[in-house]
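To start, the structure itself, in structure tokens.
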Amino acid sequence: MLELDDVTVTFPGATAVDRVGLRVEEGSVLAVLGPSGCGKSTLLRSVAGLEPISSGSIRWRGRDLAGVPTHERGFALMFQDGQLFAQASVADNIGYPLRLRGQGRRQRAGRVAELLELVGLGGYADRRPATLSGGEQQRVALARSLAADPALLLLDEPLSSLDRSLRDRLAGDLREILTTTGTTALLVTHDHDEAFTVADRMAVMLDGRIAQEGDAVEVWRQPVSREVASFVGYDTILEPTSTERRSWLPPASPAGAGGGPGADPASSVVALRRSALRVDPEGELRGVVRRVVTVSDALHLEVDVEGVGRMPALAADRGPEVGDDVRLTVDPRGVAHLPE
Amino acid sequence: MRRAPGLALGLAALVPLAFLAVFFVLPVSGMLARGLWPDGRLDLSGVPEVLGRARTLRVLTFTLVSSLAGTVVTLLLGLPVAFVLYRLRFPSRGVLRAVVVMPFVLPTVVVGVMFRSLLAPGGPLGGLGLDGTWVPILLAFVFFNLAVVVRTVGGLWEGLDRRAEESAATLGASPWTVWRTVTLPALAPGIISAATLVFLFCSTAFGVVLTLGGLRYGTVETEIYLLTVQFLDLQGAAVLSLLQLLAVVAMLALAARTRTRREQTLRRVGALAAARRPRRGDIPALAATALAVAFVLLPVGTLVVRSLRVGPGWGLEHYRALTDPDATAALRVSVTEAMANSLRTAVDATVLGMLLGLIVAVVVSRRPRSPRWARTVSVLDGAFMLPLGISAVTVGFGFLITLDRPPLDLRTSPVLVPIAQAMVALPLVVRTLAPVLRSVDPRQREAAATLGAGPWRAAWTAEAPVLARPVLAATGFAFAVSLGEFGATSFLARPDRPTVPVVIYQLISRPGADHLGMALAASVLLALVTVVVMGVVERLRVGSVGAF
């Protein structure tokens, strides 16, 4: 198990990582999710031993890693842009950690071929990194990291530099590869979907601190604060003091979940995703459409909801226009009660 | 954890530092001490007297004015040439680049001989009556330093993203406005850096001024030489050396500041920078380039032609005389033997300079986390640039007066010459290698480390592949510089083991057409060897050679 306690990293004039505590169970994948500049990459680098920590401790299987140099930690780090060695072939890149361990050429070739198959690049052994697409380069970087047979795989925004469709596909592949190889991994990313697809557990990092940690679905459904809620995609926050009628809101989840015991929809802070309100002729809320933005597979609306005010809402692709009266239904999966 | 490699690196840095201390700081301070601490007591009473001399004033004025003029003219000629050779695409561009860069590595003495033979009465431009005026010195400055401007600015220009200029044009800027508001500011760091270096090279030029200035025109550098060697006025020499030292440190600091800015700029340069074909509007720049090429080739051509002139006719007599040890009473050995000395010394100097230069380049390319160490590294970076600008005469003479006692009694040792030449070549080696090392993403080393490579192995993996060609290029560069070094060598070479530049100077100091003819032939030989070496370097196509 990887254990981080009170890990703090300071740069001249700034604290990048502020008393962070985290656990990664062996065989599991933890995603640290946070906006750019929140200190998540620095945290990852300190685990790799590339960034000295000012205080706190990092332990692996109970052993304190202070003073253990990067190359003796056995943690492979996969960089956002791969950092392949440009002068070496794909096979030499992947075989690099094997060569460091003194494996012979034939032994290496066998393992490299296996890894290439694993990442779906069979037959690429003799290519140069520069001739590969971004996605292929990241696959090679992943194979190279796996070749080191790391006790812990560190992934620094592994898919962020790729375009969206490729990212979605690779995220699924990454999850599958990590599961089949039983690799323990710590992933940092700013992309919710990437974190969701790849990780079992999620920690939201904001401004150098861990704001919430838990099961990925739990963090998604039950953010513990406004900041976490707005970062994981809840774009509207309703304050308890506001005068809107709230009978339309679903009741808070049962005790134990984020809402806390006895939370009352009328008196708690409520966070809503856009998907919380959908246009539906059977819906119980009424409103006037003020703005329509077409996206690829839906319409994003802004609706003046009677008794509530302007709210974002979602409609199917052929839908209302500005000025139309619409009815809206509430989807409880898009609503979270914050414990405040 | 990262202390171990850091410590090793620190220890490695001690080797060149010790070298710098013993073979640069010690001689220079010894020289200064002779002048300013004559009896073990600081005696500055001479300073106002030395500075107040009419002769000193004249020398200082001439140094400043000629260096300034040399810098301005070199820039004016160099900018269009840089544009044409790095921004346009046309056949034989590579050859022209090599031609323009060649003078920089030509031995200073050879350059002096060239311009003398060009402008002497009877030379191709003898009719202009410029012989014995200050004009040849200015021309030699431009000839010598054109390469610095063209390579420094051209290298930057080549990498400049054309889209910035294009977007300015689409916003309605005329070509002149685009140049003034977009191109010039982008090139400014390179131009300032080049101008600083050209000024530095002009104001410390020795061989060229000594051969062309005669008795009428002297710079601080030649004045130090005269005061030391002829008038034995060590106090005056020390005061001038000190003055020069301060000026050089100030200039190097300025150059270092623009350099760091430029290295940042270069990292941001986009990919779209393909050179285009010449257009009608490029005619003035092309004309300037043609002029520059003619300006470079004319003295070289004259040198070759006149070396074949024997009396009223033509022949190879001067070349034959090079192998004859008894060709003239002016020399104790044959020129070919001097050439053998030169080559041997240059090999030693190159090996030494490369070893030290590699260590220094690795150390100064690291970016330590703590601000204190980062400052230390940048001070080191500057310290190893010092030999570039300090009077070679001061160093050479300093060697003689400080390294003459045990434990460092090296005065009669043949190792002094290669050591002095290595000190001169060191800054150029560092300036060639350090930018390449700095351009390697530090995360490459980190990636290797997380895969299990120790610090040395990680550095080797990330940096050795990109360093191979620059190392070869720097080797050639160091070799050429060592071959041509004159200032320090003229002090240190033993009379029975002179190098070719020393022999050439001895020959032209003697009257007689035969002496001059032999000097010309020896110059051709030395220039040929140097150009061949640099031609190999140019073939390696390493952009940063000579880019400071």
- In the B-A interface, the accessible area buried, summed over both sides, Å² (probe 1.4 Å): 2200 Å²
- Message: How far apart, in nanometres, would the label points at B:V249 and B:T170 be if each is projected 7 angstrom from Cα along the Cα-to-Cβ direction?
- Response: 5.1 nm
- Task: Could you order B:T289, B:T177 so the one with the most accessible surface comes first? Probe is 1.4 Å.
- Result: B:T177, B:T289
- Provide a whole-number value for the mean count of partner chain Cβ atoms within 10 Å of the Cβ atoms in peptide B:463-473. 1
- Message: Between the range A:265-340 and the range B:325-386, what is the separation of their alpha carbon centroids in Å?
- Response: 74 Å
- Message: So for each of A:163-172, B:500-509 I average, over its residues, the number of other beta carbons within 10 Å; can you give me the resulting order with the highest mean first?
- Response: B:500-509, A:163-172
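Compute the Rg to Rh ratio over the range A:73-228 from the alpha carbon atoms, using the Kirkwood formula for Rh, and round to two decimal places.
Numbers: Rg = 16.6 Å, Rh = 16.4 Å.
Taking Rg over the Kirkwood Rh, I get 1.01.
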- Given charges at Cβ of Lys, Arg, Asp, Glu: the protein assembly as shown dipole, positive-most of A:F79, B:V249, B:L403: B:L403
- Label-to-label distance, nm, for residues given as B:A468 and A:S57 (7 Å Cα→Cβ offset): 4.8 nm
- Message: If I stretch the segment between B:R163 and B:R457 completely, what's the gain in nm (0.36 nm per residue apart, minus their alpha carbon distance), one decimal?
- Response: 101.8 nm
- Message: Largest first and in whole Å, what are the equivalent-ellipsoid semi-axes of the range B:1-67 based on the Cα gyration tensor, each being the root of 5 times an eigenvalue?
- Response: 40, 19, 9
- Message: Along its three principal axes, how long is the range B:109-265 when you only count alpha carbons? Whole Å, largest extent first please.
- Response: 64, 41, 21
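If you roll a 1.4 angstrom probe over the protein chains with everything in place, what fraction of the accessible area of chain B belongs to carbon and sulfur, to the nearest %? Numbers along the way, then the final one.
Details: 15640 of 23240 Å².
Carbon-and-sulfur percentage of accessible area, whole number: 67.
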- So what's the back-of-envelope 222 nm ellipticity for chain B, counting only DSSP H runs of four-plus at -39500 (n - 2.57) apiece and dividing by all residues, rounded to 500? -24000 deg cm²/dmol
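Kindly point out which whole DSSP H helices in chain A project their C-alpha atoms 18 angstrom or further along the helix axis while averaging a Kyte-Doolittle hydropathy of -1.0 or above. Could you put the intermediate results ahead of the total?
Values: long enough: A:105-118 (20 Å, -0.69); A:134-147 (20 Å, -0.28); A:164-181 (25 Å, -0.57).
Span-like helices here: A:105-118, A:134-147, A:164-181.
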- Message: Taking only complete DSSP H runs, can you tell me which helices of chain B stretch 30 Å or more along their own long axis by Cα positions and average at least -0.5 on the Kyte-Doolittle scale?
- Response: B:54-87, B:135-158, B:234-268, B:283-307, B:335-365, B:416-438, B:455-484, B:513-539
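Mind checking A:91-98 for the average number of partner chain beta-carbons within 10 Å of each residue's beta-carbon? Please report the intermediate quantities before stating the final value.
Details: counts 0, 0, 2, 0, 0, 6, 5, 2.
Average per residue, whole number: 2.
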- Query: Which of B:V533, A:A14, B:F206 sits farthest toward the positive end of the charge dipole of the protein assembly as shown, with +1 on the Cβ of Lys and Arg and -1 on the Cβ of Asp and Glu?
  - Reply: B:F206
- Message: Let me cross-check A:D5: its accessible surface, 1.4 Å probe, with only protein heavy atoms counted, in Å² to the nearest 10?
- Response: 50 Å²
- Give me the orientation-averaged projected area of the Cα convex hull of chain A, in nm², one decimal. 20.6 nm²
- Query: Hey, got the Cα dimensions of the protein assembly as shown along the principal axes, in Å, largest first?
  - Reply: 114, 63, 63
- Residue-level accessible surface for A:E227, protein heavy atoms, 1.4 Å, Å²: 110 Å²
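How would you rank A:148-154, B:24-30, highest first, on the average number of other Cβ atoms within 10 Å across their residues?
A:148-154, B:24-30
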- Query: Taking the Cα centre of the range A:13-120 as origin and charging only Cβ (+1 Lys, Arg; -1 Asp, Glu), how large is the dipole, in debye to the nearest 20?
  - Reply: 340 debye
- Counting each DSSP H run of 4 or more residues in chain A as -39500 (n - 2.57), what helix-only mean residue ellipticity at 222 nm follows after dividing by all residues, to the nearest 500 deg cm²/dmol? -7500 deg cm²/dmol
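Which order, highest average first, do B:44-52, A:133-141, A:173-181 follow once you tally other Cβ atoms within 10 Å for each residue and take the mean per peptide? Walk me through the intermediate numbers first.
Numbers: B:44-52: 12.9, A:133-141: 20.8, A:173-181: 17.1.
Final packing ranking: A:133-141, A:173-181, B:44-52.
How shielded is A:75-82 by partner chains, expressed as the average number of their Cβ atoms within 10 Å of its Cβ atoms?
Mean number of neighbouring Cβ atoms from other chains: 3.
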- Message: Using a 7 Å offset from the Cα along the Cα-to-Cβ direction at both A:A298 and B:T336, what is the distance between the two label points in nm, to one decimal?
- Response: 9.0 nm
- Message: Please compute, for the alpha-carbon atoms of chain B, the extent along each of the three principal axes and give them in descending order in Å.
- Response: 66, 62, 47
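If you count only protein heavy atoms with a 1.4 Å probe, what accessible area per residue comes out for the protein assembly as shown, rounded to a whole Å²?
Values: 38360 Å² over 888 residues.
Result: 43 Å² per residue.
What percent do you get for the relative contact order of the range A:125-229 when only Cα pairs under 8 Å and 6+ apart count? Present the calculation step by step, with values, prior to reporting the outcome.
Values: 97 pairs, mean separation 20.1, N = 105.
This gives 19 percent for the range A:125-229.
What is the sum of charges around A:T197, taking Lys and Arg as +1, Asp and Glu as -1, for the other residues whose C-beta is under 9 Å from the C-beta of A:T197? Walk me through the numbers before you get to the answer.
Numbers: positive: A:R175; negative: A:D168, A:D193, A:E194.
Net charge around A:T197: -2.
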- Note on the structure: Summed over the other residues with a beta carbon less than 11 angstrom from that of B:A422, with K and R at +1 and D and E at -1, the charge totals -2
- How high is the FRET efficiency from B:R180 to B:L26, r the C-beta distance, R0 41 Å, rounded to 0.05? 0.25
- Task: Would you please give the FRET efficiency between A:T179 and B:V305, computed as 1/(1 + (r/R0)^6) with r the Cβ-Cβ distance and R0 = 56 Å, to the nearest 0.05?
- Result: 0.10
- How much of the calculated P(r) for the range A:14-161 lies past 25 Å, in percent of all Cα pairs? 34 percent
- Query: Once the other residues with Cβ under 13 Å from the Cβ of B:S523 are scored (Lys, Arg +1; Asp, Glu -1), what is the net sum?
  - Reply: +2
- Query: Quick one: how many Å² of B:M354 are accessible to a 1.4 Å probe, rounded to 10?
  - Reply: 20 Å²
- Charge dipole magnitude, Cβ of K and R +1, D and E -1 - the protein assembly as shown, Cα centre, debye nearest 20: 2760 debye
- Item | Added length on full extension, which subtracts the Cα-Cα distance from 0.36 nm per residue, B:L528 to B:L232 | 102.9 nm
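How big is the shadow of the Cα convex hull of the range B:68-116, averaged over all directions, in nm²? It would help to have the intermediate numbers written out before the result.
Details: hull surface 16.8 nm².
So the mean shadow area of the Cα hull is 4.2 nm².
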- Using a Förster distance of 25 Å, how high is the FRET efficiency between B:L60 and B:S509, based on the Cβ-Cβ distance and rounded to 0.05? 0.45
- Query: For B:I283 and B:L298 in one chain, what is 0.36 nm times their gap in residues minus the Cα-Cα distance, to one decimal in nm?
  - Reply: 3.2 nm
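The values are calculated or read from the model by the stated rules, or taken from the named source; none is laboratory data. This is a predicted model, so every value here is computed, not measured. Every residue, glycine as well, gets a Cβ built from its backbone with ideal geometry; the counts of neighbours run over all protein chains shown. Surface areas here come from the heavy atoms of the whole protein model, side chains and all, with no ligands, DNA or RNA. Shrake-Rupley method; radii C 1.70, N 1.55, O 1.52, S 1.80 Å.
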